[in-house]
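Reviewing the structure listed below.
Each value in this text was obtained by applying a stated rule to the coordinates, not by laboratory testing. Keep in mind the model is a prediction, meaning the values are calculated, not measured. No Cβ is skipped: glycine too gets one built from the backbone with ideal geometry, and neighbour counts run over all protein chains shown.
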Amino acid sequence: MSVKLFDTEEVQNFLNLACGLSYEGGNPRVKEIIHRIVTDLYKAIEDLNITPDEYWAGIAYLNRLGERQEAGLLSPGLGFDRYLDMRMDAEDEKLGVTGGTPRTIEGPLYVVGAPVEHGYARLDDGSDKDGHPLIMHGTVYGADGQPQPGAKVEVWHCNTKGFYSHFDPTGEQKPFNMRRTIIADDQGQYKFRSIVPMGYGCPPDGPTQELLNCLGRHGNRPAHIHFFVTADNHRKLTTQINIDGDPLVNDDFAYATREGLVPPLTECTDEVRINAEGLDGPFAEIQFDIHLTPLVDSKDNQIVDRPRLVGA
Ligand code: MBD
Ligand code: FE
């Protein structure tokens, strides 16, 4: 088909009608966004001569995506999460906000309500027998460079199969396994014991992987640990660290790797330290300090409100 219809008054009026611009009621912001997106799609249909078969394949795909609850997974896969971060980075640069630990994407697997511990927490329940012990610790610093006692460090990661509690297809993990909220101690320090996570892979039979296959892309992430960090009078930091040495550190399907977020991982074999940690063999250790940024005009201008699973 080579007909050109998009630019006609008929189609433009039709877009206004379908997106509610001809009506009083509704939400003006939703109208504005939907009108723009639907307009761009109509134009793509014409420019690329998208056939009805292709269009309906897309609609069926959206239904599969919803059925499997994977919209939040496709989103980082197509780089939208990273793009939103790029925009926040650029805004920070414009405002002159510097010096903080780099942000990176939240991802779709955070759960509200993890147990709260003070200073130190053990994240894993010992059930993952393939897990290599990990000790991670550091100090949370404020915008003035001072340690932040009482800072809240929320941490979550997956097991050695790449599965997160609450989202584990094997059903094996207890709620909040490898999820904790740690309140920094009097020195602003946090510390936790867990196991070194492995990389995550999109469900191989799911719609996200299906589309990635069509794009010639894999759906894997390097091993990583997620953080939300908050403290009084500072902006909430959303970030992750990667496990150094993972072959996918620079080939993440979700584009979350950033300079400054791949701290060295050292293997500790010192008997005294092994005993002090209550372990019975060598462990991996990561030391990672976190630097928060100040409020902007007394507000947290980078807080992100999104629907999140609330755990029981
Ligand atoms: C993850 O664990 C994750 O962090 C992201 C961003 C996407 C899929 C799985
Ligand atoms: Fe993750």
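Would you order MET88, MET178, MET1 from fewest to most other beta-carbon atoms within 10 Å of each residue's own beta-carbon?
The most exposed by this proxy come first: MET1, MET88, MET178.
Mind grabbing the base-10 log of I(q)/I(0) for region 237-289 at q = 0.20, 0.22 Å⁻¹? Debye formula, identical points on the C-alpha positions, no solvent, two decimal places.
-0.76, -0.83
Using helices alone, I'd like the mean residue ellipticity at 222 nm for the chain: each DSSP H run of four-plus residues gives -39500 (n - 2.57), total over residue count, nearest 500.
On the way: 7 runs with 83 residues, N = 312.
About -8000 deg cm²/dmol.
So how long is each side of the chain along the principal axes, counting just the alpha-carbon atoms, biggest first, in Å?
78, 46, 35
Sum up the charges of everything whose Cβ sits under 13 Å from the Cβ of ALA90, counting Lys and Arg as +1 and Asp and Glu as -1, but leave ALA90 out.
-1
In Å and on Cα atoms, what radius of gyration and Dmax does region 38-173 show?
Radius of gyration, then largest Cα-Cα span, for region 38-173: 21.1, 61 Å.
Rounded to whole Hz and in sequence order, give me ³J(HN,Hα) for region 111-122 from the Karplus expression 6.51 cos²θ - 1.76 cosθ + 1.60, θ = phi - 60°, writing x for Gly and Pro.
Working through the residues one at a time gives 10, 6, x, 5, x, 9, 10, 9, x, 9, 8, 9 Hz.
Of LYS191/LYS299; LYS4/LYS31; LYS236/LYS299; LYS94/LYS152; LYS161/LYS191, which sit over 18 Å apart, Cα to Cα?
LYS191/LYS299; LYS4/LYS31; LYS94/LYS152; LYS161/LYS191
For region 135-146, what does the Karplus curve 6.51 cos²θ - 1.76 cosθ + 1.60, with θ = phi - 60°, yield as ³J(HN,Hα) per residue in whole Hz, taken in order and with x for Gly and Pro?
Once rounded to whole Hz, the list reads 10, 10, 7, x, 10, 9, 10, x, 4, 8, x, 8.
Compute the projected area of the convex hull of the Cα atoms of region 54-119, averaged over all viewing directions, and report it in nm² to one decimal place.
7.6
Calculate one ³J(HN,Hα) per residue across region 268-276 by plugging θ = phi - 60° into the Karplus curve 6.51 cos²θ - 1.76 cosθ + 1.60, and present them in order as whole Hz with x for glycine and proline.
So the Karplus estimates, Gly and Pro as x, are 9, 10, 5, 4, 4, 5, 4, 5, 4 Hz.
Given H placed 1.01 Å from N in the peptide plane, which residues other than close sequence neighbours of ILE195 have an amide H under 5 Å from its amide H?
ASP124, LEU134
Under 10 Å, Cα contacts only: if you run a Gaussian network model on the chain, which one of GLY145, GLY66, GLY26 comes out with the highest mean-square fluctuation?
Ranking GLY145, GLY66, GLY26 by mean-square fluctuation puts GLY26 first.
Quick one: if you stick a label point 7 Å off each Cα along the C-beta vector at ASN213 and THR8, how many nm between them?
The answer from the label model is 4.0 nm.
In nm², what is the average projected area of the convex hull enclosing the Cα atoms of region 201-280?
Seen from a random direction, the Cα hull of region 201-280 projects 8.8 nm² on average.
Amide H neighbours of ILE105 under 5 Å, counting only residues 5+ apart in sequence or on other chains, H built in-plane at 1.01 Å?
For ILE105, no residues qualify.
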